[in-house]
Every structure is written in C-alpha cells, then in structure tokens.
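For reference, the structure is listed below as structure tokens.
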Amino acid sequence: MPAISRDEVAHLARLSRLALTDAELDEFAGQLDSILNHVKAVSEVAADDVAPMANPNAVANVTRPDVVRPGLTPEQALSGAPVVEEDRFSVPQILGEGE
C-alpha cells in the first residue's frame, strides 16, 4: 500500500494552490511515496541508543585568545584615503537622496 495516495497529493496541491494535471498527480504521487518510504526506512534504522547530533565528527572551534591591542587613530586610518570629509572617508554617492 502506498504511503501517500493520489487523492492526498491532489489535496496537498489544492492547499498549495498548484494546478496539476492528472499526469503530474500520478508522477508526484509516485515520487512522494518513494520519499516517504525512504524516510520510513531511515527512521527504522535510527537506534534509541544513539545520541542526537548535528555532526558525527567531534569538531571543536580552534581560536586564539583575544588580546587587546591599541588600534589606529583616526588620523592614521584616514592618512591613505584619497578624500576625507569631517574625519570620515568620502566616497561617491551611489543611491538617490530618498534611498
């Protein structure tokens, strides 16, 4: 017995506001049945003694410790800028006034 019937696919199509032909209903019913059977097979294999996990490999993020260091002064940061306006980088406008 299929996991999903053609009538159920037609009902889902109506709910999704999809206009499907009879051929498409038959095709999608077969495809969805295959998908649901694969999900069922995977569900049967999953054992209760296996802990849920996002990744089967134990991965830890390797980071270095944060060290506070002095940054650039505004003058140093702006020293190589071609155009400076009010202690800021000046760039060409790309959007209109109201955007």
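The values are calculated or read from the model by the stated rules, or taken from the named source; none is laboratory data. Predicted model, so just to flag it, every value in this text is computed and none were measured. Here the Cβ is made from the backbone with ideal geometry for all residues, glycine too, and neighbour counts use every protein chain on show.
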(1) under 25 Å from the mean Cα position of the chain (by Cα); (2) surrounded by fewer than 10 Cβ atoms within 10 Å (Cβ to Cβ): which one isn't true of ASP87, the others all being true? (1)
Going by the structure shown, is PRO74 out of contact with any helix residue (DSSP H, G or I) (no Cβ under 8 Å at 6 or more places or on another chain), at pLDDT 90 or above and either small (Gly, Ala, Ser) or surrounded by 10 or more Cβ atoms within 10 Å (Cβ to Cβ) (or both)? yes
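Could we say that SER34 is without any contact (Cβ under 8 Å) to a residue 40 or more places away in the chain, of a type in the set (S, T, N, Q) and surrounded by 12 or more Cβ atoms within 10 Å (Cβ to Cβ) here? Don't jump to the end; show me each part of the working.
Numbers: without any contact (Cβ under 8 Å) to a residue 40 or more places away in the chain: yes; of a type in the set (S, T, N, Q): yes; surrounded by 12 or more Cβ atoms within 10 Å (Cβ to Cβ): yes.
Here the answer is yes, as SER34 does meet what is asked.
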Among (1) in a loop (DSSP other than H, G, I, E, B); (2) without any contact (Cβ under 8 Å) to a residue 12 or more places away in the chain, there is one condition ILE4 misses while meeting the rest; what is its number? (2)
Any hit, region 85-99, residues being modelled with pLDDT under 90 and among the small types (Gly, Ala, Ser): yes
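Residues are listed down the side, and each one gets a yes or a no for (1) farther than 30 Å from PHE89 by Cβ; (2) touching a helix residue (DSSP H, G or I) at 6+ places or on another chain (Cβ under 9 Å); (3) modelled with pLDDT under 95:
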{"position": "VAL9", "(1), (2), (3)": "yes, yes, yes"}
{"position": "LEU12", "(1), (2), (3)": "yes, yes, yes"}
{"position": "ASP26", "(1), (2), (3)": "yes, yes, yes"}
{"position": "ASP48", "(1), (2), (3)": "yes, no, yes"}
{"position": "VAL59", "(1), (2), (3)": "yes, no, yes"}
{"position": "ARG64", "(1), (2), (3)": "no, no, yes"}
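With the condition kept exactly as written, say whether any residue in region 52-74 is among the basic types (Lys, Arg) and assigned to a helix (DSSP H, G or I).
Going through region 52-74, the residues among the basic types (Lys, Arg) turn out to be 64, 69.
Still in the list and also assigned to a helix (DSSP H, G or I): none.
No, region 52-74 contains no residue that is among the basic types (Lys, Arg) and assigned to a helix (DSSP H, G or I).
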Quick check, is LEU32 assigned to a loop (DSSP other than H, G, I, E, B), in contact with a Leu (Cβ under 9 Å, 6 or more places away or on another chain) and not aromatic (Phe, Trp, Tyr)? no
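If you go through region 42-61 one residue at a time, do you hit one that is without any contact (Cβ under 8 Å) to a residue 12 or more places away in the chain and surrounded by 11 or more Cβ atoms within 10 Å (Cβ to Cβ)?
Step one: of region 42-61, the residues without any contact (Cβ under 8 Å) to a residue 12 or more places away in the chain are 42-61.
From what is left, the residues that are surrounded by 11 or more Cβ atoms within 10 Å (Cβ to Cβ) are none.
No, the conditions are met nowhere in region 42-61.
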